[in-house]
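**Student:** Supplied in structure tokens, the structure appears directly below.
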Amino acid sequence: MTRSDKAATNAADAAPRAGAQTGATRAASAMDADTAASMARRARRSDHVATGVLAVLVGVVCLLTVAMVVYILASGGTKMLDWSFLTSNPSDGGIGPEIFNSFYLLFLTLLISLPLSLGAAIFLTQYAPSGPVTTCIKTIIEVLSSLPSIVVGLFGFLVFVIKFGWQFSIIAGACALTMFNLPIMVRVIQQALEAVPRGQRDAGLAMGLTRWETTIHVLIPSAIPAIVTGVILSAGRVFGEAAALIYTAGQSAPAIDFTNFDITSASCPWNVFRPAETLAVHIWKLNSESVVTDAAAISAGTAAFLVACILVFNILARIIGRALEKKVTAA
Amino acid sequence: MDEMDDNLTESAPAAGARATVTPAAGGAEVVARDVDLFYGDHQALFDVSLDMPANKVTALIGPSGCGKSTFLRCINRMNDRIAGCRHTGSITLDGQDVDTQIDEYLLRTRVGMVFQRPNPFPLSIFDNVAYGPRRHGKPSREALRQTVQRCLERVGLWDEVKDDLKKSGLGLSGGQQQRLCIARTLAVDPQVLLMDEPTSALDPISTSLVEDLMSDLASDHTVIVVTHNMQQATRVSDYTAFFYMGKLVETAPTTELFSRPKEKQTEDYLTGRFS
């Protein structure tokens with residue numbers, strides 16, 4: 001029997017069968033109209049219950065988080081808005097150097113970790129052949145991202161502070177934070193690159209671009225909104241990190257003098273080999289070993305400022321990410 | 001620096017061919033001989049031999065998975081990047097073997113490709129079209145502007161976008177994006193245009209615009225189009241090749257193939273007995 005003959009017989013067979021089937025279904029549905037209605041009622045009720053339970057759970061979680069943020073901001077709010085608190089030295093109960101140190105350290109960390117993680121992510125997504133080695137590397141990066149930060153800190157202490165002889169310094173802190181930050185950034189950038197539609201990559205190749213040109217001119221621009229958002233969010237995490245810094249960047253904040261440009265001097269703000277206590281470390285120190293009388297108030301004010309900064313990071317990430325997205329997709 | 005070195009090394013194997021990208025005098029003839037293609041152990045094409053004449057539209061038709069897109073992607077070596085994909089036999093462009101006698105990157109400036117889904121770069125409309133000329137040469141600002149205008153006019157997009165050249169190409173409608181992609185490909189004056197189901201993601205009006213364009217482009221390009229739509233093949237193509245299960249079943253001038261198919265399988269497919 002040829003193909004077309006077979007198709008014809010099949011069609012002939014199918015016709016009466018289809019008719020019988022609809023007839024049967026119709027009869028069955030007439031009989032079970034009541035059952036169907038009650039089942040629909042039950043389905044709707046369970047849908048309502050599930051929605052209610054989920055709403056309550058989400059509500060509780062939201063309430064807890066909002067309450068925490070509001071509490072931190074409220075308990076340190078007045079202190080935080082005090083200009084002299086934000087600018088004076090720790091010896092006068094202020095956090096001026098700590099604020100500068102935190103931002104400077106963040107800047108240095110991103111300066112080191114951004115190119116590294118961008119390169120790693122590009123290699124892993126575009127070049128690395130899929131195989132056991134690549135899988136192994138990806139797993140290692142994931143493990144690294146869940147490494148306790150105190151372990152990173154002590155490792156940094158042994159390697160950067162002792163072995164390299166950098167002492168407690170900003171550069172040692174930045175290196176430790178890079179180790180802490182790298183896995184997260186690699187993952188974020190990797191996901192952003194993988195989310196670029198395959199068609200874009202093909203377009204580049206079909207235009208006679210090499211893999212490198214396609215990556216630089218097509219993939220990265222497409223992924224840039226997601227990359228920027230991810231980097232700012234990871235910056236928030238780095239900004240609030242304490243444990244990795246206690247033994248690397250140190251716990252002392254020598255007074256800094258912005259008119260001093262001798263980068264070997266401990267009071268020059270840009271000197272990367274000076275010890276530099278950050279906001280988060282300052283909070284830890286105040287609460288663990290401080291002898292100042294109003295330690296609690298200073299600590300609350302510092303915490304409020306820290307939370308406010310991270311809040312700003314998050315809002316910025318959203319605004320900038322959206323603006324870039326808009327610029328890339330439609331100006 | 002790098003780019004110059006690249007260009008030098010790239011043009012070496014293609015000595016005798018066009019060393020620089022100059023406007024195409026016309027299309028090039030594409031000839032496939034005895035092409036067997038494998039994905040690992042799986043054979044996807046069986047002994048395909050097909051002539052695709054210069055300055056004509058050749059349509060490749062056949063059911064999903066018949067190998068027509070795979071075959072198309074052999075012509076500009078887009079299959080090279082797929083691990084485990086290899087083929088025997090030869091494909092030539094005006095007598096030059098695309099796999100051995102022409103550099104991969106140079107080949108793709110001579111053989112442009114338009115995809116199923118419009119895929120403009122995340123750049124402005126102007127930069128999308130200017131991308132190829134910039135990448136493959138150092139055109140003056142004025143020459144570039146003229147090229148962009150010429151290509152956009154050619155695809156009938158100029159009047160629609162001439163005031164928005166700085167806006168992102170991704171902000172256009174689907175049909176406009178597809179025409180932008182065709183303009184981008186035309187900007188390097190390819191001899192051959194490969195189109196992989198170029199209208200399957202478009203609305204009827206855009207489809208008809210792109211179809212008109214295909215016939216028009218054949219005046220100075222060789223157009224090879226993969227399509228699911230048989231009416232489209234009859235509307236736009238001069239020659240049609242019918243693929244089934246990785247084999248080239250039949251090829252003939254389009255009117256002949258549709259009115260008097262020689263093979264039973266072709267007839268069954270054309271009359272919709274299987275798809």
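**Student:** What number goes with the only condition from (1) charged (D, E, K, R); (2) without any contact (Cβ under 8 Å) to a residue 24 or more places away in the chain; (3) in contact with a strand residue (DSSP E or B) (Cβ under 6 Å, 6 or more places away or on another chain) that B:Arg150 does not pass?
**Tutor:** (3) is the only condition that B:Arg150 fails.
**Student:** Can you pull out every residue in segment A:197-211 that is open to solvent by 10 Å² or more (accessible area, probe 1.4 Å) and either among the aromatic types (Phe, Trp, Tyr) or in contact with a Pro (Cβ under 9 Å, 6 or more places away or on another chain) (or both)? Talk me through it step by step, then tell me what you get.
**Tutor:** Going through segment A:197-211, the residues open to solvent by 10 Å² or more (accessible area, probe 1.4 Å) turn out to be A:197-202, A:205, A:207, A:210-211.
Matches in segment A:197-211: A:Gly199, A:Gln200.
**Student:** Is it the case that B:Tyr244 is buried (at least 17 other Cβ atoms within 10 Å of the Cβ) and within 14 Å of another protein chain (Cβ to nearest Cβ)?
**Tutor:** Here the answer is yes, as B:Tyr244 does meet what is asked.
**Student:** Identify, from the list A:Thr135, A:Thr109, the residue that is away from chain B (no Cβ under 14 Å), assigned to a helix (DSSP H, G or I) and open to solvent by 70 Å² or more (accessible area, probe 1.4 Å).
**Tutor:** Going through A:Thr135, A:Thr109 in turn, the sole match is A:Thr135.
**Student:** Anything in segment B:50-69 that is within 14 Å of another protein chain (Cβ to nearest Cβ) and over 15 Å from the mean Cα position of the chain (by Cα)? List them, or say none.
**Tutor:** Answer for segment B:50-69, where residues must be within 14 Å of another protein chain (Cβ to nearest Cβ) and over 15 Å from the mean Cα position of the chain (by Cα): just B:Pro63.
**Student:** Now for a separate question. Taking segment B:247-275 as the search range and keeping residues that are more than 14 Å from chain A (Cβ to nearest Cβ) and of a type in the set (Ser, Thr, Tyr), which one is farthest from B:Arg154 (Cα to Cα)?
**Tutor:** Of everything passing the filter in segment B:247-275, B:Ser259 is farthest from B:Arg154 (Cα to Cα).
**Student:** Given the conditions (1) open to solvent by 20 Å² or more (accessible area, probe 1.4 Å); (2) within 13 Å of chain A (Cβ to nearest Cβ); (3) among the acidic types (Asp, Glu), report the number of the one that B:Glu142 does not fulfil.
**Tutor:** Every listed condition holds for B:Glu142 apart from (2).
**Student:** Now, a different point. Part of a helix (DSSP H, G or I) and either under 20 Å from the mean Cα position of the chain (by Cα) or within 14 Å of another protein chain (Cβ to nearest Cβ) (or both): is that true of B:Glu211 in this structure?
**Tutor:** In short, yes.
**Student:** In segment A:129-158, how many are of a type in the set (A, V, I, L, M) and closer than 18 Å to A:Arg187 by Cα?
**Tutor:** Number satisfying all stated conditions: 7.
**Student:** Take the residues in segment A:252-293 that are of a type in the set (D, E, K, R) and either in contact with a helix residue (DSSP H, G or I) (Cβ under 9 Å, 6 or more places away or on another chain) or crowded, with 20+ Cβ neighbours inside 10 Å (or both); name whichever of them is nearest to A:Ser169 (Cα to Cα).
**Tutor:** At the first step, the residues of segment A:252-293 found to be of a type in the set (D, E, K, R) are A:257, A:262, A:274, A:277, A:285, A:289.
Next, only the ones that are either in contact with a helix residue (DSSP H, G or I) (Cβ under 9 Å, 6 or more places away or on another chain) or crowded, with 20+ Cβ neighbours inside 10 Å (or both) stay: A:274, A:277, A:285.
On the way: A:Arg274: 5, A:Glu277: 9, A:Lys285: 17 Å.
The qualifying residue nearest to A:Ser169 (Cα to Cα) is A:Arg274.
**Student:** Return yes when B:Leu152 is open to solvent by less than 10 Å² (accessible area, probe 1.4 Å), away from chain A (no Cβ under 14 Å) and at pLDDT 90 or above and no when it is not.
**Tutor:** Values: open to solvent by less than 10 Å² (accessible area, probe 1.4 Å): yes; away from chain A (no Cβ under 14 Å): yes; at pLDDT 90 or above: yes.
Judged against the criteria, B:Leu152 is a match.
**Student:** When only residues in segment B:119-134 that are more than 8 Å from every other protein chain (Cβ to nearest Cβ) and of a type outside the set (Val, Ile, Thr) count, which is surrounded by the fewest Cβ atoms within 10 Å (Cβ to Cβ)?
**Tutor:** If we take residues in segment B:119-134 being more than 8 Å from every other protein chain (Cβ to nearest Cβ) and of a type outside the set (Val, Ile, Thr), then B:Arg134 is surrounded by the fewest Cβ atoms within 10 Å (Cβ to Cβ).
**Student:** Let me ask something else. Given the criterion hydrophobic (A, V, I, L, M, F, W, C), under 30 Å from B:Leu186 (Cβ atoms) and in contact with a strand residue (DSSP E or B) (Cβ under 9 Å, 6 or more places away or on another chain), identify the matching residue among A:Ala195, A:Ala206.
**Tutor:** After applying the criteria, what remains is A:Ala206.
**Student:** Sort out which residues of segment A:313-331 are open to solvent by less than 80 Å² (accessible area, probe 1.4 Å) and either within 20 Å of A:Phe85 (Cα to Cα) or more than 14 Å from every other protein chain (Cβ to nearest Cβ) (or both), and write them in order of number.
**Tutor:** Passing the criteria: A:Phe313, A:Asn314, A:Leu316, A:Ala317, A:Ile320, A:Gly321.
**Student:** Also, quick follow-up: Please tell me if A:Thr214 is within 13 Å of another protein chain (Cβ to nearest Cβ), open to solvent by less than 60 Å² (accessible area, probe 1.4 Å) and hydroxyl-bearing (Ser, Thr, Tyr).
**Tutor:** Spelling it out, A:Thr214 is indeed within 13 Å of another protein chain (Cβ to nearest Cβ), open to solvent by less than 60 Å² (accessible area, probe 1.4 Å) and hydroxyl-bearing (Ser, Thr, Tyr).
**Student:** Looking only at segment B:170-190, count every residue that is more than 9 Å from chain A (Cβ to nearest Cβ) and in contact with a Cys (Cβ under 9 Å, 6 or more places away or on another chain) and tell me the total.
**Tutor:** Just the residues of segment B:170-190 that are more than 9 Å from chain A (Cβ to nearest Cβ), to begin with: B:173-180, B:182-183, B:186-187, B:189-190.
Add one more test, that the residue is in contact with a Cys (Cβ under 9 Å, 6 or more places away or on another chain), and what stays is B:182-183, B:186-187.
Residues flagged as more than 9 Å from chain A (Cβ to nearest Cβ) and in contact with a Cys (Cβ under 9 Å, 6 or more places away or on another chain) within segment B:170-190 amount to 4.
**Student:** Just to be sure before I move on: is A:Ala255 touching a Gly at 6+ places or on another chain (Cβ under 9 Å) and in the same structural domain as A:Val312 (by TED's automatic domain parsing) in the structure I sent? Give the derivation first.
**Tutor:** Working: touching a Gly at 6+ places or on another chain (Cβ under 9 Å): yes; in the same structural domain as A:Val312 (by TED's automatic domain parsing): yes.
So A:Ala255 fits the description; yes.
**Student:** Which count do you get for residues in segment B:79-108 that are buried (at least 22 other Cβ atoms within 10 Å of the Cβ) and facing chain A (nearest Cβ under 9 Å)?
**Tutor:** Residues in segment B:79-108 being buried (at least 22 other Cβ atoms within 10 Å of the Cβ) and facing chain A (nearest Cβ under 9 Å): 2 in total.
**Student:** Right, another one. What's the number of the only condition in (1) at the interface with chain B (Cβ under 9 Å from one of its Cβ atoms); (2) in contact (Cβ under 8 Å) with a residue 24 or more places away in the chain that A:Leu205 fails to meet?
**Tutor:** (2)
**Student:** Ok, one more. Any residue that is within 24 Å of B:Gly175 (Cα to Cα) and within 14 Å of the chain's Cα centre (by Cα) - is there at least one of those in segment B:83-96?
**Tutor:** no
**Student:** Go through (1) open to solvent by 70 Å² or more (accessible area, probe 1.4 Å); (2) closer than 30 Å to B:Ala83 by Cα; (3) modelled with pLDDT of 90 or more and name the single condition A:Tyr127 misses.
**Tutor:** (3) is the only condition that A:Tyr127 fails.
**Student:** Hey, another quick one. Of all the residues that make up segment A:225-251, how many are outside any helix (DSSP H, G or I), out of contact with any Asp or Glu (no Cβ under 6 Å at 6 or more places or on another chain) and open to solvent by 10 Å² or more (accessible area, probe 1.4 Å)?
**Tutor:** Number of matching residues: 4.
**Student:** Considering segment A:162-189 alone, what residues qualify as being closer than 17 Å to A:Ala253 by Cβ and surrounded by fewer than 24 Cβ atoms within 10 Å (Cβ to Cβ)?
**Tutor:** Correct list: A:Gln167, A:Phe168, A:Ser169, A:Ile171.
**Student:** Another question, then. B:Leu72: under 22 Å from B:Ala218 (Cα atoms) and within 14 Å of another protein chain (Cβ to nearest Cβ), yes or no?
**Tutor:** Judged against the criteria, B:Leu72 is a match.
**Student:** So, one more: Of everything in segment B:73-105, what is assigned to a strand (DSSP E or B) and either more than 15 Å from B:Asp34 (Cα to Cα) or not charged (D, E, K, R) (or both)? Give them in sequence order.
**Tutor:** Within segment B:73-105, B:Cys85, B:His87, B:Thr88, B:Gly89, B:Ser90, B:Ile91, B:Thr92, B:Leu93, B:Gln96 meet the criteria.
**Student:** Can you tell which of A:Leu177, A:Leu205, A:Leu193 is touching a Ser or Thr at 6+ places or on another chain (Cβ under 9 Å), assigned to a helix (DSSP H, G or I), at pLDDT below 90 and not polar (S, T, N, Q)?
**Tutor:** Checking each option against the conditions leaves just A:Leu205.
**Student:** The conditions are (1) assigned to a helix (DSSP H, G or I); (2) over 26 Å from the mean Cα position of the chain (by Cα); (3) under 23 Å from A:Arg237 (Cα atoms), and A:Phe168 fails exactly one of them. Which is it?
**Tutor:** (1)
The values are calculated or read from the model by the stated rules, or taken from the named source; none is laboratory data. Please read these numbers as outputs of a predicted model, since none were measured by experiment. Methodologically, a virtual Cβ is constructed for each residue, glycine included, from the backbone with ideal geometry; neighbour enumeration extends over all protein chains shown. Side chains are part of the model used for accessible areas, which takes the heavy atoms of the whole protein and leaves out ligands, DNA and RNA. Shrake-Rupley method; radii C 1.70, N 1.55, O 1.52, S 1.80 Å.
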